[in-house]
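Structure first, then comments.
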Amino acid sequence: MEFNEKLQELRKNRGLTQEELAEALYVSRTAISKWESGRGYPGIDSLKEISKFFSVTIDDLLSGEKVIY
């Protein structure tokens with residue numbers, strides 16, 4: 001499972017829109033859309049925020065394995 005798929009799954013499991021996640025992470029909705037569509041990747045600071053927000057490790061986010069939470 002790729003990063004973009006994991007991010008989308010984590011967001012949907014929390015019942016969040018892209019806009020709501022963007023606000024929580026202090027990024028634009030466009031950034032979330034790019035990340036989820038696989039057209040871009042977040043920087044290290046954003047990865048740290050995503051990791052903290054969803055209580056998963058950065059390794060979980062970036063590995064090819066399915067995230068267990």
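The values are calculated or read from the model by the stated rules, or taken from the named source; none is laboratory data. Note that the structure is predicted; figures quoted are calculated from it, not measured. Here the Cβ positions follow ideal geometry from the backbone for every residue, glycine too, while neighbour counts run over all protein chains shown. The area values use the complete protein model at the heavy-atom level, side chains included, leaving out ligands, DNA and RNA. Shrake-Rupley method; radii C 1.70, N 1.55, O 1.52, S 1.80 Å.
Points worth noting:
- The trypsin sites (Lys or Arg not before Pro) found in the stretch 1-42 that occupy coil by DSSP, while having at most 11 further C-beta atoms within 10 Å, are ARG39.
- Vicinal HN-Hα couplings computed from phi for the stretch 41-54 (Karplus, 6.51 cos²θ - 1.76 cosθ + 1.60; Hz; Gly/Pro x): 10, x, x, 4, 5, 5, 4, 4, 5, 4, 4, 5, 4, 9
- Pair GLU23, LYS52: separation of 7 Å Cα→Cβ label points (nm): 1.9
- Sparse-neighbourhood loop sites, GluC sites (Glu not before Pro) in the chain - DSSP loop, at most 11 other Cβ within 10 angstrom: GLU2, GLU65
- Heavy-atom surface of the chain, accessible at 1.4 Å and reported per residue (Å²): 62
- Counting protein heavy atoms only, the chain has 49 percent of its accessible area on carbon and sulfur, 1.4 angstrom probe.
- For q = 0.11, 0.20, 0.26 Å⁻¹, Debye-computed log10 I/I(0) when each Cα of the chain counts as one equal scatterer: -0.20, -0.73, -1.36
- Each residue of the stretch 7-22 was assigned a 3J(HN,Hα) from its phi angle through the Karplus curve 6.51 cos²θ - 1.76 cosθ + 1.60 (θ = phi - 60°); the sequence is 4, 4, 5, 4, 5, 5, 5, 8, x, 9, 7, 4, 4, 5, 5, 4 Hz, with glycine and proline shown as x.
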